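The values are calculated or read from the model by the stated rules, or taken from the named source; none is laboratory data. Not measured: the values here are computed from a predicted model. Cβ: placed from backbone, ideal geometry, glycine included. Neighbour counts: every protein chain shown.
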Amino acid sequence: MPAAPSLAAVAAPEDARAGTALLVATRGDGAVRSARFDDLPRLLGAGDLLLVNTSATLPAALPGRLRGRDVILHLSTRLCDGSWSVELRTSGRERMEMAPVSGRVDLPGGAHAELAGAYRGSPRLRVARLRAPGPLPGYLRLHGRPIRYSHDPGARPLADYQTVFARHPGSAEMPSAARPFTDRLVGELAAARVRIAPLLLHTGVSSPETGEPPYPERYRVPAAAARAVNAVHRQGGRVIAVGTTAVRALETVADLDGTVSPGAGWTDLVIEPERGLRAVDGLLTGWHEPRSSHLRLLEAAAGPELLARSYAAAHARGYRWHEFGDSHLILP
(Lines give C-alpha, C1' and ligand atoms only; values in the text may rest on other atoms or scores of the structure.)
Protein backbone atom coordinates (compact mmCIF):
# COMPACT_ATOMS: atom_id res chain seq x y z
CA MET A 1 0.00 0.00 0.00
CA PRO A 2 1.11 3.61 -0.53
CA ALA A 3 3.06 5.39 2.17
CA ALA A 4 1.54 8.37 3.91
CA PRO A 5 3.68 11.02 2.12
CA SER A 6 2.27 9.91 -1.24
CA LEU A 7 -1.25 10.67 -0.14
CA ALA A 8 -0.37 13.92 1.60
CA ALA A 9 1.34 15.43 -1.45
CA VAL A 10 -1.71 15.96 -3.64
CA ALA A 11 -3.39 19.20 -4.67
CA ALA A 12 -6.23 20.64 -2.66
CA PRO A 13 -9.72 19.60 -3.75
CA GLU A 14 -11.85 21.93 -5.85
CA ASP A 15 -15.58 22.50 -6.33
CA ALA A 16 -16.18 21.48 -9.93
CA ARG A 17 -18.07 18.25 -10.53
CA ALA A 18 -17.44 18.30 -14.27
CA GLY A 19 -13.94 17.49 -15.41
CA THR A 20 -13.10 15.11 -12.57
CA ALA A 21 -10.13 12.92 -13.43
CA LEU A 22 -10.65 9.17 -13.35
CA LEU A 23 -7.98 6.50 -12.98
CA VAL A 24 -9.12 3.16 -14.39
CA ALA A 25 -7.56 -0.04 -13.02
CA THR A 26 -8.47 -3.40 -14.59
CA ARG A 27 -7.84 -6.65 -12.74
CA GLY A 28 -7.98 -8.80 -15.85
CA ASP A 29 -4.90 -7.35 -17.55
CA GLY A 30 -3.46 -5.25 -14.72
CA ALA A 31 -3.73 -2.06 -16.79
CA VAL A 32 -3.82 1.36 -15.11
CA ARG A 33 -4.84 4.25 -17.34
CA SER A 34 -6.06 7.82 -17.06
CA ALA A 35 -9.51 8.93 -18.21
CA ARG A 36 -12.18 11.47 -17.34
CA PHE A 37 -15.27 10.85 -15.25
CA ASP A 38 -17.40 11.82 -18.24
CA ASP A 39 -15.95 8.78 -20.06
CA LEU A 40 -18.03 6.41 -17.91
CA PRO A 41 -20.60 5.63 -20.65
CA ARG A 42 -17.71 4.38 -22.84
CA LEU A 43 -15.88 2.58 -20.05
CA LEU A 44 -18.95 0.60 -19.00
CA GLY A 45 -20.94 -1.68 -21.26
CA ALA A 46 -24.59 -2.15 -22.13
CA GLY A 47 -26.05 -4.40 -19.47
CA ASP A 48 -23.71 -3.24 -16.69
CA LEU A 49 -25.32 -2.04 -13.46
CA LEU A 50 -24.30 0.89 -11.26
CA LEU A 51 -25.46 0.72 -7.65
CA VAL A 52 -25.84 4.19 -6.11
CA ASN A 53 -26.44 5.34 -2.55
CA THR A 54 -29.46 7.63 -2.17
CA SER A 55 -28.51 8.89 1.30
CA ALA A 56 -28.43 12.68 1.60
CA THR A 57 -25.94 14.56 3.76
CA LEU A 58 -27.05 16.20 6.99
CA PRO A 59 -25.74 19.56 8.25
CA ALA A 60 -24.25 17.51 11.07
CA ALA A 61 -21.62 19.89 12.51
CA LEU A 62 -22.76 22.07 15.41
CA PRO A 63 -20.76 24.74 17.27
CA GLY A 64 -20.79 24.27 21.03
CA ARG A 65 -19.24 25.00 24.40
CA LEU A 66 -17.83 22.26 26.60
CA ARG A 67 -16.22 23.00 29.97
CA GLY A 68 -15.52 26.59 29.03
CA ARG A 69 -14.01 25.99 25.60
CA ASP A 70 -15.37 26.27 22.08
CA VAL A 71 -15.87 22.92 20.34
CA ILE A 72 -17.55 21.45 17.30
CA LEU A 73 -19.92 18.54 17.76
CA HIS A 74 -20.19 16.15 14.81
CA LEU A 75 -23.34 14.05 14.78
CA SER A 76 -22.45 10.62 13.38
CA THR A 77 -25.21 8.02 13.62
CA ARG A 78 -28.63 8.06 15.24
CA LEU A 79 -28.89 5.01 17.48
CA CYS A 80 -31.89 2.80 18.15
CA ASP A 81 -32.76 4.49 21.45
CA GLY A 82 -32.77 7.97 19.89
CA SER A 83 -29.32 8.96 21.16
CA TRP A 84 -26.42 9.67 18.77
CA SER A 85 -22.87 8.62 18.32
CA VAL A 86 -20.90 11.86 18.05
CA GLU A 87 -17.36 13.11 17.56
CA LEU A 88 -15.94 16.14 19.35
CA ARG A 89 -13.53 18.45 17.53
CA THR A 90 -11.70 21.60 18.52
CA SER A 91 -12.96 24.95 17.23
CA GLY A 92 -10.24 24.66 14.57
CA ARG A 93 -11.71 21.32 13.39
CA GLU A 94 -8.78 19.31 14.74
CA ARG A 95 -9.21 16.02 16.55
CA MET A 96 -9.77 16.51 20.27
CA GLU A 97 -7.26 14.48 22.21
CA MET A 98 -8.70 12.70 25.25
CA ALA A 99 -12.25 13.85 24.54
CA PRO A 100 -14.34 13.61 27.72
CA VAL A 101 -16.84 10.78 28.02
CA SER A 102 -19.28 12.78 30.13
CA GLY A 103 -20.41 16.36 30.39
CA ARG A 104 -22.76 18.83 28.77
CA VAL A 105 -22.15 20.45 25.39
CA ASP A 106 -24.15 23.68 25.09
CA LEU A 107 -25.40 24.20 21.53
CA PRO A 108 -27.01 27.15 19.69
CA GLY A 109 -30.68 27.99 20.08
CA GLY A 110 -31.00 26.65 23.61
CA ALA A 111 -30.09 23.05 22.73
CA HIS A 112 -27.54 20.86 24.44
CA ALA A 113 -26.01 17.39 24.27
CA GLU A 114 -25.32 15.21 27.30
CA LEU A 115 -22.29 12.97 26.79
CA ALA A 116 -22.99 9.47 28.08
CA GLY A 117 -19.84 7.41 27.59
CA ALA A 118 -17.65 6.07 24.80
CA TYR A 119 -19.42 4.58 21.81
CA ARG A 120 -18.58 0.87 21.54
CA GLY A 121 -15.21 1.46 23.16
CA SER A 122 -14.14 3.99 20.53
CA PRO A 123 -11.23 6.29 21.41
CA ARG A 124 -12.93 9.20 19.63
CA LEU A 125 -16.69 8.59 19.34
CA ARG A 126 -19.06 9.30 22.22
CA VAL A 127 -22.72 8.61 22.93
CA ALA A 128 -24.77 11.76 23.35
CA ARG A 129 -28.39 12.54 24.15
CA LEU A 130 -29.53 15.60 22.25
CA ARG A 131 -32.06 18.04 23.62
CA ALA A 132 -33.24 20.52 20.99
CA PRO A 133 -36.29 22.82 20.81
CA GLY A 134 -38.46 21.29 18.14
CA PRO A 135 -37.80 18.53 15.60
CA LEU A 136 -34.13 17.86 14.89
CA PRO A 137 -34.25 18.26 11.07
CA GLY A 138 -35.48 21.83 11.40
CA TYR A 139 -32.97 22.57 14.15
CA LEU A 140 -30.08 21.32 12.00
CA ARG A 141 -31.25 23.41 9.05
CA LEU A 142 -31.04 26.50 11.25
CA HIS A 143 -27.85 25.82 13.20
CA GLY A 144 -25.93 22.97 11.58
CA ARG A 145 -23.27 23.03 8.91
CA PRO A 146 -21.78 20.25 6.79
CA ILE A 147 -18.90 18.45 8.45
CA ARG A 148 -15.64 19.95 7.19
CA TYR A 149 -12.13 18.77 7.98
CA SER A 150 -8.82 20.63 8.13
CA HIS A 151 -7.84 19.65 4.56
CA ASP A 152 -10.80 21.63 3.19
CA PRO A 153 -9.84 25.30 3.45
CA GLY A 154 -13.19 26.95 2.71
CA ALA A 155 -16.75 26.64 3.93
CA ARG A 156 -19.22 25.30 1.35
CA PRO A 157 -23.03 25.24 1.22
CA LEU A 158 -24.82 22.02 2.03
CA ALA A 159 -25.74 21.62 -1.66
CA ASP A 160 -22.05 21.01 -2.43
CA TYR A 161 -22.20 17.95 -0.17
CA GLN A 162 -25.15 16.35 -1.96
CA THR A 163 -25.02 14.00 -4.93
CA VAL A 164 -27.56 13.90 -7.76
CA PHE A 165 -28.88 10.67 -6.22
CA ALA A 166 -29.48 12.12 -2.72
CA ARG A 167 -33.07 11.50 -1.60
CA HIS A 168 -33.07 10.38 2.05
CA PRO A 169 -31.32 12.57 4.67
CA GLY A 170 -29.23 10.64 7.16
CA SER A 171 -25.49 10.65 6.36
CA ALA A 172 -23.06 12.56 8.54
CA GLU A 173 -20.71 12.83 5.56
CA MET A 174 -21.37 12.85 1.84
CA PRO A 175 -21.31 9.48 0.05
CA SER A 176 -18.71 11.22 -2.06
CA ALA A 177 -17.95 8.60 -4.72
CA ALA A 178 -21.09 9.78 -6.56
CA ARG A 179 -20.27 13.50 -6.29
CA PRO A 180 -19.01 13.88 -9.92
CA PHE A 181 -22.25 12.52 -11.43
CA THR A 182 -24.46 15.09 -13.15
CA ASP A 183 -27.97 14.78 -14.56
CA ARG A 184 -26.47 14.95 -18.04
CA LEU A 185 -24.08 12.08 -17.35
CA VAL A 186 -26.91 9.98 -15.90
CA GLY A 187 -28.80 10.52 -19.15
CA GLU A 188 -25.78 9.49 -21.23
CA LEU A 189 -25.40 6.33 -19.17
CA ALA A 190 -29.06 5.49 -19.76
CA ALA A 191 -28.59 6.06 -23.50
CA ALA A 192 -25.63 3.66 -23.39
CA ARG A 193 -27.93 1.10 -21.68
CA VAL A 194 -25.99 1.17 -18.43
CA ARG A 195 -28.52 0.54 -15.69
CA ILE A 196 -28.63 2.38 -12.34
CA ALA A 197 -30.22 0.93 -9.20
CA PRO A 198 -30.63 2.72 -5.85
CA LEU A 199 -29.89 1.42 -2.39
CA LEU A 200 -29.32 3.20 0.91
CA LEU A 201 -26.64 3.38 3.57
CA HIS A 202 -26.44 6.27 6.03
CA THR A 203 -22.75 6.80 6.69
CA GLY A 204 -21.30 8.08 9.96
CA VAL A 205 -18.16 10.15 10.41
CA SER A 206 -14.96 8.84 8.85
CA SER A 207 -12.77 6.33 10.71
CA PRO A 208 -9.18 7.49 10.21
CA GLU A 209 -7.77 5.98 13.40
CA THR A 210 -5.22 3.26 12.75
CA GLY A 211 -6.90 -0.10 13.21
CA GLU A 212 -10.34 1.41 13.90
CA PRO A 213 -13.01 -0.63 12.12
CA PRO A 214 -16.15 0.77 10.51
CA TYR A 215 -19.03 1.03 12.95
CA PRO A 216 -22.58 -0.27 12.37
CA GLU A 217 -24.61 1.79 9.91
CA ARG A 218 -28.23 1.74 8.78
CA TYR A 219 -28.88 0.35 5.31
CA ARG A 220 -31.65 -0.73 2.95
CA VAL A 221 -31.36 -2.82 -0.20
CA PRO A 222 -34.76 -2.65 -1.95
CA ALA A 223 -36.25 -5.65 -3.72
CA ALA A 224 -35.83 -3.90 -7.07
CA ALA A 225 -32.09 -3.48 -6.52
CA ALA A 226 -31.69 -7.10 -5.47
CA ARG A 227 -33.57 -8.28 -8.55
CA ALA A 228 -31.45 -6.05 -10.79
CA VAL A 229 -28.18 -7.41 -9.38
CA ASN A 230 -29.25 -11.02 -9.78
CA ALA A 231 -30.55 -10.41 -13.32
CA VAL A 232 -27.36 -8.64 -14.43
CA HIS A 233 -25.23 -11.51 -13.16
CA ARG A 234 -27.42 -14.08 -14.93
CA GLN A 235 -27.03 -12.10 -18.17
CA GLY A 236 -23.24 -11.80 -17.86
CA GLY A 237 -23.13 -8.11 -16.97
CA ARG A 238 -21.03 -6.42 -14.31
CA VAL A 239 -22.24 -4.93 -11.02
CA ILE A 240 -20.30 -1.75 -10.21
CA ALA A 241 -20.80 -0.24 -6.76
CA VAL A 242 -20.53 3.54 -6.54
CA GLY A 243 -18.65 3.99 -3.29
CA THR A 244 -17.67 1.82 -0.37
CA THR A 245 -21.06 2.57 1.21
CA ALA A 246 -22.84 0.81 -1.66
CA VAL A 247 -20.42 -2.11 -1.35
CA ARG A 248 -21.11 -2.49 2.36
CA ALA A 249 -24.88 -2.41 1.91
CA LEU A 250 -24.97 -4.90 -0.98
CA GLU A 251 -22.44 -7.33 0.46
CA THR A 252 -24.46 -7.42 3.69
CA VAL A 253 -27.31 -9.15 1.83
CA ALA A 254 -25.20 -11.30 -0.51
CA ASP A 255 -25.01 -15.10 -0.17
CA LEU A 256 -21.78 -17.03 -0.63
CA ASP A 257 -22.58 -17.54 -4.31
CA GLY A 258 -23.26 -13.82 -4.85
CA THR A 259 -27.06 -14.09 -4.92
CA VAL A 260 -28.60 -10.97 -3.36
CA SER A 261 -31.79 -10.67 -1.32
CA PRO A 262 -33.54 -7.49 -0.21
CA GLY A 263 -32.85 -6.40 3.34
CA ALA A 264 -32.78 -3.50 5.77
CA GLY A 265 -31.48 -2.76 9.24
CA TRP A 266 -28.02 -2.29 10.69
CA THR A 267 -24.87 -3.68 9.14
CA ASP A 268 -21.64 -4.29 11.03
CA LEU A 269 -20.00 -6.02 8.05
CA VAL A 270 -16.27 -5.37 7.70
CA ILE A 271 -14.98 -6.27 4.23
CA GLU A 272 -11.36 -7.33 4.01
CA PRO A 273 -9.34 -9.19 1.37
CA GLU A 274 -9.70 -12.46 3.26
CA ARG A 275 -13.48 -12.29 2.90
CA GLY A 276 -13.51 -10.86 -0.60
CA LEU A 277 -16.48 -9.53 -2.57
CA ARG A 278 -19.40 -11.78 -3.47
CA ALA A 279 -21.90 -9.67 -5.38
CA VAL A 280 -19.83 -6.65 -6.42
CA ASP A 281 -17.68 -6.97 -9.55
CA GLY A 282 -16.22 -3.47 -9.68
CA LEU A 283 -15.98 -0.29 -7.66
CA LEU A 284 -16.10 3.43 -8.39
CA THR A 285 -14.57 5.33 -5.49
CA GLY A 286 -12.36 8.19 -4.39
CA TRP A 287 -8.84 8.31 -2.97
CA HIS A 288 -8.47 7.36 0.68
CA GLU A 289 -5.88 8.11 3.35
CA PRO A 290 -3.44 5.27 4.18
CA ARG A 291 -4.89 4.88 7.68
CA SER A 292 -8.44 4.57 6.38
CA SER A 293 -10.32 1.33 6.94
CA HIS A 294 -11.67 1.77 3.40
CA LEU A 295 -8.35 0.62 1.96
CA ARG A 296 -8.88 -2.94 3.17
CA LEU A 297 -12.15 -2.98 1.23
CA LEU A 298 -10.40 -1.58 -1.85
CA GLU A 299 -7.78 -4.29 -1.56
CA ALA A 300 -10.58 -6.86 -1.64
CA ALA A 301 -11.80 -5.25 -4.87
CA ALA A 302 -8.48 -4.76 -6.66
CA GLY A 303 -5.89 -6.98 -5.00
CA PRO A 304 -2.81 -5.54 -3.25
CA GLU A 305 -0.52 -5.23 -6.28
CA LEU A 306 -2.98 -3.43 -8.56
CA LEU A 307 -4.15 -1.18 -5.75
CA ALA A 308 -0.58 -0.16 -4.91
CA ARG A 309 0.14 0.65 -8.57
CA SER A 310 -3.09 2.65 -8.80
CA TYR A 311 -2.17 4.81 -5.83
CA ALA A 312 1.38 5.30 -7.10
CA ALA A 313 0.00 6.40 -10.48
CA ALA A 314 -2.53 8.74 -8.88
CA HIS A 315 0.22 10.39 -6.87
CA ALA A 316 2.56 10.67 -9.85
CA ARG A 317 -0.18 12.19 -12.03
CA GLY A 318 -1.33 14.72 -9.46
CA TYR A 319 -4.77 13.29 -8.71
CA ARG A 320 -6.73 15.15 -6.03
CA TRP A 321 -7.63 13.49 -2.73
CA HIS A 322 -10.57 13.63 -0.34
CA GLU A 323 -14.28 14.08 -0.92
CA PHE A 324 -13.96 16.82 -3.56
CA GLY A 325 -11.14 15.08 -5.37
CA ASP A 326 -10.74 12.75 -8.33
CA SER A 327 -12.03 9.22 -8.87
CA HIS A 328 -10.83 5.63 -9.15
CA LEU A 329 -12.63 2.94 -11.16
CA ILE A 330 -11.70 -0.68 -10.44
CA LEU A 331 -12.96 -3.10 -13.09
CA PRO A 332 -12.77 -6.91 -13.36
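Every residue, every condition in (1) closer than 23 Å to Ala191 by Cα; (2) more than 20 Å from the chain's Cα centre (by Cα), yes or no:
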| residue | (1), (2) |
| --- | --- |
| Arg27 | no, yes |
| Gly45 | yes, yes |
| Leu49 | yes, no |
| Asn53 | yes, no |
| Val71 | no, yes |
| His74 | no, no |
| Asp81 | no, yes |
| Val86 | no, no |
| Thr90 | no, yes |
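Count of region 24-71 residues, restricted to those that are without any contact (Cβ under 8 Å) to a residue 40 or more places away in the chain and part of a helix (DSSP H, G or I), is 1.
Do we find a residue being at pLDDT 95 or above and touching a strand residue (DSSP E or B) at 6+ places or on another chain (Cβ under 6 Å) anywhere in region 181-193?
no
Restricting Thr259, Thr267 to residues that are β-branched (Val, Ile, Thr) and more than 27 Å from Val86 (Cβ to Cβ) narrows the list to Thr259.
If I ask for residues that are closer than 24 Å to Leu158 by Cα and at pLDDT 95 or above, which ones from region 287-327 would you list? Within region 287-327, Asp326, Ser327 meet the criteria. Residue count for region 238-269, restricted to those that are touching a Gly at 6+ places or on another chain (Cβ under 7 Å) and surrounded by 21 or more Cβ atoms within 10 Å (Cβ to Cβ): 3. The single condition among (1) at pLDDT below 95; (2) not assigned by TED's automatic domain parsing to the domain that holds Pro175 that Val10 does not meet is (2). When every residue of region 276-291 is checked against the conditions, at least one turns out to be over 30 Å from Ser122 (Cβ atoms), touching a strand residue (DSSP E or B) at 6+ places or on another chain (Cβ under 6 Å) and surrounded by 18 or more Cβ atoms within 10 Å (Cβ to Cβ).
Scanning region 291-332 for residues that are over 16 Å from the mean Cα position of the chain (by Cα), of a type in the set (A, V, I, L, M) and not in a helix (DSSP H, G or I) turns up Ile330, Leu331.
Annotation note: of Gly92, Gly138, Gly110, the sole residue that is at positive phi, small (Gly, Ala, Ser) and not assigned by TED's automatic domain parsing to the domain that holds Gly19 is Gly110. Glu173 passes all but one of (1) of a type in the set (Asp, Glu); (2) within 17 Å of Gly243 (Cα to Cα); (3) in the same structural domain as Arg65 (by TED's automatic domain parsing); which number fails? The failed condition is (3). The strands (runs of 3 or more DSSP E) falling completely within region 188-290 that include 1 or more residues that are within 21 Å of Ile330 (Cα to Cα) and out of contact with any helix residue (DSSP H, G or I) (no Cβ under 6 Å at 6 or more places or on another chain) map to 195-202, 239-242, 282-285.
A quick yes/no check of all residues on (1) part of a strand (DSSP E or B); (2) of a type in the set (Ser, Thr, Tyr):
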| residue | (1), (2) |
| --- | --- |
| His74 | yes, no |
| Thr77 | yes, yes |
| Asp81 | no, no |
| Val86 | yes, no |
| Met98 | no, no |
| Arg104 | yes, no |
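Scanning region 146-187 for residues that are assigned to a helix (DSSP H, G or I) and farther than 30 Å from Leu73 by Cβ turns up Asp183, Arg184, Leu185, Val186, Gly187. Within region 81-107, restricting attention to residues that are touching a residue at least 40 places away in the same chain (Cβ under 8 Å) and either surrounded by 15 or more Cβ atoms within 10 Å (Cβ to Cβ) or hydroxyl-bearing (Ser, Thr, Tyr) (or both), the residue that is nearest to Gly144 (Cα to Cα) is Leu107. If you go through region 220-231 and keep only what is more than 18 Å from the chain's Cα centre (by Cα) and surrounded by fewer than 20 Cβ atoms within 10 Å (Cβ to Cβ), you end up with Pro222, Ala223, Ala224, Arg227, Asn230, Ala231.
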